[in-house]
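What follows is a single structure, written as structure tokens, with notes after it.
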């Protein structure tokens, strides 16, 4: 195969994958700017005519949407902080040290994924009521952290495996302590990987409905508020599209920010 | 880590810890409900229905709509923890036995007596009776609903000649679908057989009792075989896209479907959008009468409610005849007190109200109630009927075989939960199949 053909094939594949991800988002975005009467016209065009922010405005003004968005951001932020704080040291330990029960520990991490949250719902809520965590954002963040940790640990383990231990040793010969070597050498190199773990954690927390619904009344997160109203219970198509758009856009922006901020701050690039 | 990121995380932690501590200056009660959940209904409930109560009583109501799973889990958790946040719980009557079994609710018999002592409202006796579980009154009837047929006016021209749409039989429906198909070349009967559609209700509450006289008891009798043979034919004139319809108002509005069966609330948006284009017809009658489901929503008082007196005031407000008419106009749930039925709404709702009355007062009408007493396994009931439908009508498996296997599962379910047959079946515990 010639180089040109290979490049064309690659471009085709990239376009295909890109379209696979982007097409639904674009369609939802277009539909959320369409008026209701047009959505129910048959046949229906793809491009809104005229453009309308009527449904989106209804959504923004609906009680609790802005507050719930803020709650979602706080929960996601807390979850990322907790998951990295707990997950990164665990991942580091798994990648650097051989200790008794290491394999068992790795399996046990995945074991937490075996229990569907539905079964744990009632006992979890009872415990949270007793501990005063019920209906608090911190409580929801704890549950999201528990859900995100297995993947956070697995991702960070493989990240630290890729950071040569020799570099830390070199730092230690130059006067760093173990902790300093980790903080000043291993951590900055591992940051792109940690950013990936953070993005993953963010997406998980942003989309999580079940725990957020059971454990909150006043402090609902956005998906708990929105999915009930437009997903399971059903709603006219225009609200579904508006809600979908409203769920996607902040997430996209935040994922971009995490990537940019974390990566450019330390001047490293993702390969 | 630099100072900025540390400050950012600290700020996040502080707001998270601080947020729930903020306390309201006025009294606030929490009203958790599985009803009025769709987004527009939520907004209506907050801005119209509950606003009236807030202005009058000076009590703020936090309305928390949920799906049934989290709703029940929350009430059970609060009952077990001995500490509650929910003051009023509103849901379908089928959820109450589960809550009553865990002792999560207060007996509302006294509340009901106080309400009737006001002499401005008379609760419909059947609805009150549905809330009586082992001599404990678990709920005050709040709203009721049913399912029926909406048809595009263009379709009426194709209704079988010499027959009356207001007294439609299942044979008429089949012929109607066939006539439409011949005239337009399209299959334009529609059912909500999508993932969140309510087609299962049609199976167990409408067509089964209309053909066999029972929802559960005669699941695998010869009458049931006749019914399934009929249903297979009906699907040859039904729009195949029915498998993705959840709410029939949308295909009715687009014109993909001309004749649709669904829950009143799920048909109403079409009538509100274009009230002159649609008619509402009673559900069809079969050899054993015109069976239809009555759905009852009730209001219960959780045992650990932090504000029981304010909660009772909210129940008084919601069951007031004037509020019940507002509810009918707002979300098409029908009143549970006799005094409210006199008020005549207008437009699409009037069409709907007439259809509901025509169905309820038909000479061959038979009321079916949602099955209760299946406890934690309540969720298995409807899928049994839908699976039976899939196997027979979609996969084309032999009717008798499928009914035998599915019938066994149904009987096992009732035996395991020691549950009583749902009306119009005979009162029998556990329910056994013929």
Q | Test result for residue A:111, more than 14 Å from chain B (Cβ to nearest Cβ) and over 23 Å from the mean Cα position of the chain (by Cα) | A | no
Q | Pick from the stretch A:67-79, criterion more than 9 Å from chain B (Cβ to nearest Cβ) and surrounded by 21 or more Cβ atoms within 10 Å (Cβ to Cβ), ranking: modelled with the lowest pLDDT | A | A:68
Q. crowded, with 18+ Cβ neighbours inside 10 Å, more than 24 Å from the chain's Cα centre (by Cα), assigned to a helix (DSSP H, G or I) and not assigned by TED's automatic domain parsing to the domain that holds residue B:336: does that describe residue B:203?
A. no
Q: Residue by residue through the stretch A:42-64, note down the ones that are facing chain B (nearest Cβ under 10 Å) and buried (at least 16 other Cβ atoms within 10 Å of the Cβ).
A: A:58, A:59, A:62, A:64
Q: Just name the residue that is farthest from residue A:138 (Cα to Cα) out of those in the stretch A:218-235 that are at pLDDT 70 or above and facing another protein chain (nearest Cβ under 7 Å).
A: A:218
**Q.** Sole residue being within 14 Å of chain B (Cβ to nearest Cβ), farther than 24 Å from residue A:68 by Cβ and in contact with a helix residue (DSSP H, G or I) (Cβ under 6 Å, 6 or more places away or on another chain), chosen from A:141, A:190, A:171, A:197
**A.** A:190
Q. Among the listed residues B:92, B:99, B:75, B:36, which satisfies the condition of being under 16 Å from residue A:226 (Cα atoms), more than 7 Å from chain A (Cβ to nearest Cβ) and either touching a residue at least 24 places away in the same chain (Cβ under 8 Å) or buried (at least 20 other Cβ atoms within 10 Å of the Cβ) (or both)?
A. B:36
Q) Is there a residue in the stretch B:104-120 that is closer than 28 Å to residue A:60 by Cα and modelled with pLDDT of 90 or more? A) no
Q | Selection from the stretch B:153-170 of residues that are without any contact (Cβ under 8 Å) to a residue 40 or more places away in the chain and surrounded by 15 or more Cβ atoms within 10 Å (Cβ to Cβ) | A | B:158, B:159, B:160
(Q) Considering only the stretch B:27-36, I want to know if a residue exists there that is more than 23 Å from residue B:319 (Cα to Cα) and modelled with pLDDT of 55 or more. (A) no
Q. Pick from the stretch B:39-54 the residues that are facing chain A (nearest Cβ under 9 Å) and either modelled with pLDDT under 50 or more than 19 Å from the chain's Cα centre (by Cα) (or both): which of them is nearest to residue A:54 (Cα to Cα)?
A. B:43
Q: Within the stretch A:96-113, track down each residue that is surrounded by fewer than 11 Cβ atoms within 10 Å (Cβ to Cβ) and over 13 Å from residue A:154 (Cα atoms).
A: A:97, A:98, A:99, A:100, A:101, A:104
(Q) Please pick out the residue among B:144, B:182 that is free of Cβ contacts under 8 Å to residues at least 12 places away in the same chain and out of contact with any helix residue (DSSP H, G or I) (no Cβ under 6 Å at 6 or more places or on another chain). (A) B:182
Q. Given the residues B:222, B:241, which is the only one that is more than 21 Å from residue B:353 (Cβ to Cβ), without any contact (Cβ under 8 Å) to a residue 12 or more places away in the chain and in the same structural domain as residue B:383 (by TED's automatic domain parsing)?
A. B:222
Q: Go through the stretch B:291-406 and tell me which helices (runs of 4 or more DSSP H), entirely inside it, have 2 or more residues that are surrounded by 15 or more Cβ atoms within 10 Å (Cβ to Cβ), at pLDDT 90 or above and in contact with a strand residue (DSSP E or B) (Cβ under 9 Å, 6 or more places away or on another chain).
A: B:308-318, B:321-331
Q.
Can you say whether residue A:60 is closer than 30 Å to residue A:138 by Cβ, more than 20 Å from the chain's Cα centre (by Cα) and part of a helix (DSSP H, G or I), as far as the supplied structure shows?
A. yes
Q) Given B:58, B:84, B:69, which one is within 14 Å of chain A (Cβ to nearest Cβ) and either over 15 Å from residue B:29 (Cβ atoms) or surrounded by fewer than 20 Cβ atoms within 10 Å (Cβ to Cβ) (or both)? A) B:69
Q. Is at least one residue of the stretch A:118-125 under 22 Å from the mean Cα position of the chain (by Cα), loosely packed, with under 15 Cβ neighbours inside 10 Å and under 30 Å from residue B:46 (Cβ atoms)?
A. yes
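The values are calculated or read from the model by the stated rules, or taken from the named source; none is laboratory data. All values reported here derive from a predicted model rather than from experimental measurement. Virtual Cβ from ideal backbone geometry, glycine too; neighbours counted across all protein chains shown.
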